[in-house]
Structures are given as C-alpha cells and as structure tokens.
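Values in this text are rule-based calculations from the coordinates and carry no lab data. Computed from a predicted structure; not experimentally measured. Positions of Cβ are generated from backbone atoms using ideal geometry, with glycine treated the same way; all protein chains shown enter the neighbour counts.
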Amino acid sequence: MTLHTDVARRLRDGMADGVLSFPLTAFHADGSLDPDGFRAHVAAQIATAPGAVFPACGTGEFFSLDEGEYRRVVEVTVEQAAGRVPVVAGTGYGWAQAARFARIAEEAGADALLVLPHYLIAAPQDGLVGQLEELAARTRLPLIVYQRGQVAFTADSLRRIARIPNVIGLKDGHSDLDRLQRLTLAAPEGFLFFNGAATAEIQARAYATVGVPAYSSAVHAFAPEIANAFFAALHGDDHGTVDKLLRSFYVPFVELRDRVPGYAVSLVKAAARLRGRPVGPVRAPLTEPSPADVADLKTLLATGLDLVGAAL
C-alpha cells in the first residue's frame, strides 16, 4: 500500500466517525508563539476523537506564522497525535513558498498537506492545475486541495488534478452545490471530498446530498461537545436535534460571526478563552471581538452547551 493510499484510507475512515479538527495556534499576550498553550489545546482536541487534525490552516492562522513557528506547530501536533489520527498541515502562497512549508511539514512528521488558496492573483484553470503540479513534484506528502476564494476548479480540471499521483482530495469552500456535484461525478473512485464552508454545519445536510458528508468544524475548536453532538445527530438522522442546534446555536453564531471581517477566527479564539483554553489573542490583521460581541458570544455559548448537556 502506498503512502498516499494509506493516508487516504485513514482519512476516509476517520471522517466517517468524527468531525475534522482545525486547532487554534496559541500566542502569548505579546503575540509570540505559545508552544505550551498550543500543546494543551491540541491535546484536548485530539482527546475528543476527531476524524483528523489540521494544524496551521485558516483557523490556525497559517498566514501569520513564520517558518520556524510553523515547524513547531506541526511538530507539537504530530507529537500529540502519536499516530492516533492523521495530521494534515496547511501550506500555501505560491508553489515555491508552499513547497518550503511542505518540506518543513514532511520533516516534522505530518501525514498530508491541505493546500490553501494561493495569494492575490486570479488565474486560469491551466494555471491552477500547474500550481499543483509544481507543488506535487516537490513533496512526497499527499495533497488535499482547498478551493475557496479565487480558486475554483472545473470538472475537467478536477480530472486533471486527480491524475497527479499525490493529490488525494478536495476541500470545498464555495458552497456552489451545482459545481460541486459536477466535480464529485468527474472524480475517480476513492477521491476524497470535504465540506469546508465557513461554519460547515450550516450546510452539512446540503453537502451530503451531493456526496460530501465529511466536514471541518471550527466549533470543535472551542466546544467539541456541541460539534460532536451535531455530528452524531446528523449521522443518526436525528433531524429534530440537528434543527434545534442549527436554530438555537449555529445560525445565531453565524450571524454574530458576520458582524466583522475576520470574526471566523477571532470569535473562535474568544470562545476558546471563555472556556479556559490557553490560546491567547489573534495576530494582526485580525482583531479581537468587541466587549459587547464577547458578551453575546458568552450567552450563545452557554445556550449551545446547555442544549447538549455540557457546562461552560
């Protein structure tokens, strides 16, 4: 069994049993990396049995890490995972810089890479495919491609990237189900798909109808009790519980998140701190939530935890 096949199998098995965890990168109050805080956070995440753990991705503020910090974050995650769950590290920017991060992730023991959307430049389909070909030629690690923002593949391009030996899957953040259905139909058997929409639980049922039941959960980073209860209800066809959690927690959370750009990460960190998690502040260009928004977040978090029988 090849490395790529084995990692794909482990991911497929894991995402059938749990949500995908995207841990927060912990910083000290002065903005410096806090390895001990991150170690405690990622250990708590892994203890809740996620399908896989994705350090240094969007929720983990990949865009604000230097290469030394990135190495430490991946090393700590691999150490804490100890082979129990796959570790998929983020990488990104142009292919040359992405390859540098890929090499660090490989040296640190990551199982695979999530290729975040490239920086700034809009590109044609040939360029999007070429970007992945260049990166794939420079790493032995399996790649999961994240289409979001200015990266969106056609069915023909999906067929092309699926032929790149170490590309094993695609994470979608566009929520265009017509396009996504075309991609799933164009993909070869065994190709992995992930729901990567912001607050993915909101659209989890819709994604499942086009053959994409696996999803990442930002909520898992601060309230795994809520995230796991939702996952169990969704996979158990308990639509009453799904609707209750959506109506009383997830939809209000999205409405709060949409108040300020960047709250998709800032609020998650604030919620983790409300629960005593040592994750520290966000780094610029993100900003901390206002006191009024934190107060609303605390009330909403208490409501969500009460719904699943957990304490704040």
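Figures for the structure shown
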{"quantity": "Lys/Arg +1, Asp/Glu -1 at C-beta; the range 165-312 dipole; positive extreme among Tyr263, Pro165, Leu301", "calculated": "Tyr263"}
{"quantity": "Total formal charge among the other residues, if their Cβ is under 10 angstrom from that of Ala214, Lys/Arg +1 and Asp/Glu -1", "calculated": "+2"}
{"quantity": "Selected from Ala122, Ala292, Ala264 as most flexible by GNM, with the chain as the system and alpha-carbon contacts under 10 Å", "calculated": "Ala292"}
{"quantity": "Calculated FRET value between Ala96 and His28, using beta carbons and R₀ = 30 Å, to 0.05", "calculated": "0.45"}
{"quantity": "Of the DSSP H helices in the chain, those whose Cα atoms cover at least 15 Å axially and whose Kyte score averages -1.0 or more", "calculated": "3-17, 35-47, 67-81, 95-108, 125-136, 224-235, 263-274, 291-307"}
{"quantity": "Residues whose placed amide H lies under 5 Å from that of Leu170, excluding near-sequence neighbours", "calculated": "Val145, Leu192, Phe193, Phe194"}
{"quantity": "GNM top mover of Thr77, Thr209, Thr199 - the chain, alpha-carbon springs below 10 Å", "calculated": "Thr209"}
{"quantity": "Simple Cβ-charge dipole of the range 31-154, Lys/Arg +1 and Asp/Glu -1, about Cα centre, in debye nearest 20", "calculated": "200"}
{"quantity": "Charge sum, other residues only, whose C-beta stays under 13 Å from Pro281's C-beta, Lys/Arg counted +1 and Asp/Glu -1", "calculated": "0"}
{"quantity": "Positive minus negative residues near Arg84 (Lys, Arg vs Asp, Glu; Cβ under 13 Å)", "calculated": "-3"}
{"quantity": "Spacing of the two label points (7 Å from each Cα toward its C-beta) at Gln150 and Asp178, in nm", "calculated": "2.5"}
{"quantity": "Size of charge dipole - the range 3-223 - debye, nearest 20, with Cβ of Lys, Arg +1 and Asp, Glu -1, no other charges", "calculated": "560"}
{"quantity": "The range 3-223: relative contact order in percent, alpha carbon pairs under 8 Å with at least 6 residues between", "calculated": "19"}
